[in-house]
Amino acid sequence: MSEALTPERLRSLTPLNVLSEQQWRELRRQLVPQPVLAGQWLFRRGDQARLTYYLLAGELQLEAADGRQQRLVAGSEASCHPLSPSLPRLQDARALTDLSVLVLDSGTLNRLVTWRLAHQDLLLELGASYEELEWLERLLDSPLFARVPPANVRAMLERLQLVELQAGSTVLREGEAGDCCYFLKSGRVEVIRGTGTERQVLAELEVGACFGEEALLAERPRNATVTVVEDAVVLRLARRDFVALLKEPVVNEIGLGEAARLLTAGAQWLDVRLQGEYERAHAVSALNMPLQLLRLKARLLDRSRTYLCYCDSGRRSASAVFLLSQLGFDGYGLRGGLDALPEVQREGLLCESGAGYLVRSGGRVERSG
């Protein structure tokens, strides 16, 4: 038995109904109805799995320890709430008919709901101060801001400087030093790399987009030019405020010991150095995605996986972690980079050389020749 999981159906489920469409996209791998055959147990009393269940189709029976029973029918008001949400479970759940259920990771759901409610309060608070909140709503819908505390967002908004730009003007220029980043409030801008016959348009940014942050993270010159396609309004954030309010809560760094624990749990090394650096020596099974290509190739990564980024100094890996956060991935940087490791640890980590591993669509990995 299957039940179409439409946006309307999602909006009928509590607390999914408070999430934004961007947050539903973050959950999309989990938004797949699961079949349960009549007579099967969905869960038993005492179960402690951190999962949230919703009944989408069919009928089931909940039975408490004292024998009290509750018959639950899909489409009823009660079915719009999680089934036996307390842990450990206080009830048995058995399918009376073939069922369709939605099963979500409770930790992820709780994080998204908490973030959404906290930022809704912020939007209400700011409603009297900002004439137009659409750009801010789009900004806060970025996966990046799921990791930024509301207090930091509030402080950031107080420090933004508004800049009006005409079509054809340049906001950032490739090769220049970076002392700030920007958020696009209105209009259209495009990101360009190279000049003349080497000129390449990399992207056209949407309202709410952050740009110029990579030079601040890596402490390197701008790696692209940003020009205005249609009259625009941007908001400028100085380097020191960017580092204190956005980078510090988002760019998580770990040591080699913690990295080993995460690898055991299924994490993946991501080498963000140049291909030549990677081929000289790299970590076992590490994927190579040079920082300048990461934004273009990130669609090939697996969103259900945690990526451990490394480079020589730690600067490129910090940029990579920030970028992955913007795109909705979980990532950590190796603290201090390879240069900070004792020689014996560095040699133990970088124990492979030559061509390595290629990532394909859907996160599938192949060993290159």
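The values are calculated or read from the model by the stated rules, or taken from the named source; none is laboratory data. Bear in mind that the values here come from a model prediction, so they are computed numbers and not experimental data. Neighbour counts are summed over all protein chains in view; Cβ atoms, including those assigned to glycine, are modelled from backbone coordinates with ideal geometry.
What pairs come out if I take residues in region 302-324 that are surrounded by 21 or more Cβ atoms within 10 Å (Cβ to Cβ) and pair them with residues that are of a type in the set (Phe, Trp, Tyr) and modelled with pLDDT of 95 or more whose C-beta lies under 6 Å away, six or more apart or interchain? Going by the 6 Å Cβ cut-off, the qualifying pairs are LEU308/TRP269; LEU308/TYR332; SER317/TYR310.
Can we say GLY178 is on the phi > 0 side of the Ramachandran plot, assigned by TED's automatic domain parsing to the domain that holds LEU157 and not hydroxyl-bearing (Ser, Thr, Tyr)? No: the conditions fail for GLY178. Going through region 134-170 one residue at a time, which ones are of a type outside the set (Gly, Ala, Ser), over 21 Å from the mean Cα position of the chain (by Cα) and not in a helix (DSSP H, G or I)? Passing the criteria: LEU160, GLN161, LEU162, VAL163, GLU164, LEU165, GLN166, THR170.
Can you tell me which residue within region 241-268, out of those that are hydrophobic (A, V, I, L, M, F, W, C) and assigned to a loop (DSSP other than H, G, I, E, B), is nearest to GLY212 (Cα to Cα)? The extreme case among them is VAL251.
The listed residues are ARG173, ARG236, and the only one of them that is more than 22 Å from the chain's Cα centre (by Cα), surrounded by 16 or more Cβ atoms within 10 Å (Cβ to Cβ) and basic (Lys, Arg) turns out to be ARG236.
The residue of region 194-227 that is farthest from the chain's Cα centre (by Cα), among those that are under 23 Å from ARG159 (Cβ atoms) and in a strand (DSSP E or B), is VAL226. The requirement of being of a type in the set (Gly, Ala, Ser) and at pLDDT below 90 is satisfied by ALA218. Against the list (1) surrounded by fewer than 22 Cβ atoms within 10 Å (Cβ to Cβ); (2) within 20 Å of ARG147 (Cβ to Cβ), the condition ARG299 fails is (2).
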